[in-house]
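Participant: Take a look at this one; I'll ask things after.
The values are calculated or read from the model by the stated rules, or taken from the named source; none is laboratory data. Note that the structure is predicted; figures quoted are calculated from it, not measured. Because the Cβ atoms are built from the backbone with ideal geometry, glycine has one as well, and the counts that use them run over all protein chains shown. Side chains are part of the model used for accessible areas, which takes the heavy atoms of the whole protein and leaves out ligands, DNA and RNA. Shrake-Rupley method; radii C 1.70, N 1.55, O 1.52, S 1.80 Å.
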Amino acid sequence: PGETRPLVLELPSYKMPSIRNALLMAIDRAGIFIRKAGTVIMVISILLWTASTYPKSEPPAEVSDMLLLAEQTNDDDLRREASRLESKHAFANSTAGRLGKTIEPVIEPLGFDWQIGVGIVSSFAAREVIVSTLSIIYGVGGDAAEEDPNSLYDNLREAKRSDGSPVYTTATCMSLLVFYVLAMQCLPTQAITRRETGSWNWAIFQFGYMTVLAYLAALITYQTLTFLS
């Protein structure tokens, strides 16, 4: 009520930024990140790597025979193929691979199989890790996938479920895209959330509600497209 008073703001004088101050501030903030967030990222990354590497398992007899034959004949192509199959077998029998098979009944309504489940588990560090993970699972290998992306594409197109139906249908692909758009698949973000809030409660809440949101959205997407197809 009454007459409106004029708003007066005192603005600071504009000055050229100090490069020295900017560098000191950047170094200080980088140090804080390395000490607080970086240690968390390193620890969880080591745990994820361990889960995808151990326990070690012996390759199947046919793979061992391929490796032996490659050494005897000095066949580089055969050696690479045997190495891919060995990596695929080791990954499938690692802790991460077994976890993917364990959670398969939970993610099956989204159109995902255990192999996609392994990709989801391994990509908690960063969502792009699912590409290299799937390349290993499908026997392509990280380097080969970078040199020839079509090899990974072809393997994904030819992937079959136990009943012979294709894994990567339009519904499954859309469901996977929706899941990764909404899910909290970024370890550095979690670490920064913990550092900024000073508690794991907000980081856990953030991870939990975004995972549930992503699951429900992917479920609706897959079931709707499957019904319409």
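Participant: Step by step: first the residues of region 140-189, then only those that are of a type in the set (A, V, I, L, M, F, W, C), surrounded by 14 or more Cβ atoms within 10 Å (Cβ to Cβ) and modelled with pLDDT of 90 or more, then the one that is nearest to V43 (Cα to Cα). Which residue is that?
Facilitator: Start the filter on region 140-189 by keeping residues that are of a type in the set (A, V, I, L, M, F, W, C), which leaves 140, 144-145, 152, 156, 159, 167, 171, 173-174, 176-179, 181-184, 186-187.
Subsequent filtering for residues that are surrounded by 14 or more Cβ atoms within 10 Å (Cβ to Cβ) retains 140, 144-145, 152, 156, 159, 167, 171, 173-174, 176, 178-179, 182-184, 186-187.
From what's left, modelled with pLDDT of 90 or more: 171, 173-174, 176, 178-179, 182-183.
Details: A171: 36, C173: 32, M174: 33, L176: 27, V178: 29, F179: 26, L182: 25, A183: 21 Å.
Among those that are of a type in the set (A, V, I, L, M, F, W, C), surrounded by 14 or more Cβ atoms within 10 Å (Cβ to Cβ) and modelled with pLDDT of 90 or more, it is A183.
Participant: For region 13-32, name all the residues that are assigned to a loop (DSSP other than H, G, I, E, B) and either open to solvent by less than 100 Å² (accessible area, probe 1.4 Å) or within 17 Å of I192 (Cα to Cα) (or both). I'd like the intermediate steps shown before the answer.
Facilitator: From region 13-32, those assigned to a loop (DSSP other than H, G, I, E, B) are 13-18; that's our starting set.
Listed by number, the residues that qualify are S13, S18.
Participant: State all residues of region 38-74 that are among the charged types (D, E, K, R), within 17 Å of A92 (Cβ to Cβ) and in a helix (DSSP H, G or I); if no residue qualifies, say none. Outline the logic, then answer.
Facilitator: Just the residues of region 38-74 that are among the charged types (D, E, K, R), to begin with: 56, 58, 62, 65, 71.
With the extra rule that they be within 17 Å of A92 (Cβ to Cβ), the set shrinks to 56, 58, 62.
Passing the criteria: only E62.
Participant: Given the conditions (1) open to solvent by less than 60 Å² (accessible area, probe 1.4 Å); (2) outside any helix (DSSP H, G or I), and given that A218 satisfies all but one, which numbered condition is not satisfied?
Facilitator: With (1) open to solvent by less than 60 Å² (accessible area, probe 1.4 Å); (2) outside any helix (DSSP H, G or I) applied to A218, the lone miss is (2).
Participant: Does E104 meet the test of being open to solvent by less than 60 Å² (accessible area, probe 1.4 Å) and of a type in the set (D, E, K, R)? Full working, then the answer.
Facilitator: Values: open to solvent by less than 60 Å² (accessible area, probe 1.4 Å): yes; of a type in the set (D, E, K, R): yes.
Answer is yes for this residue.
Participant: Pairs under 7 Å by beta carbon, first residue farther than 12 Å from L110 by Cβ in region 155-179, partner of a type in the set (S, T, Y), six or more apart or different chains?
Facilitator: N155/Y138; L156/Y138; L156/Y168; R157/Y168; A159/Y138; A159/Y168
Participant: Based on this model, can you work out whether R35 counts as over 30 Å from R194 (Cβ atoms), among the basic types (K, R) and either open to solvent by 80 Å² or more (accessible area, probe 1.4 Å) or not in a loop (DSSP other than H, G, I, E, B) (or both)? Give the steps one after another, and end with the answer.
Facilitator: On the way: over 30 Å from R194 (Cβ atoms): no; among the basic types (K, R): yes; either open to solvent by 80 Å² or more (accessible area, probe 1.4 Å) or not in a loop (DSSP other than H, G, I, E, B) (or both): yes.
So R35 fails the test.
Participant: Can you confirm whether region 107-129 contains a residue that is at pLDDT below 80, within 16 Å of S162 (Cα to Cα) and outside any helix (DSSP H, G or I)?
Facilitator: No - not one qualifying residue is present in region 107-129.
Participant: Go over the candidates S64, S135, S122 one by one and state the one that is small (G, A, S) and over 26 Å from the mean Cα position of the chain (by Cα).
Facilitator: Values: S135 fails: over 26 Å from the mean Cα position of the chain (by Cα); S122 fails: over 26 Å from the mean Cα position of the chain (by Cα).
Going through S64, S135, S122 in turn, just one is small (G, A, S) and over 26 Å from the mean Cα position of the chain (by Cα): S64.
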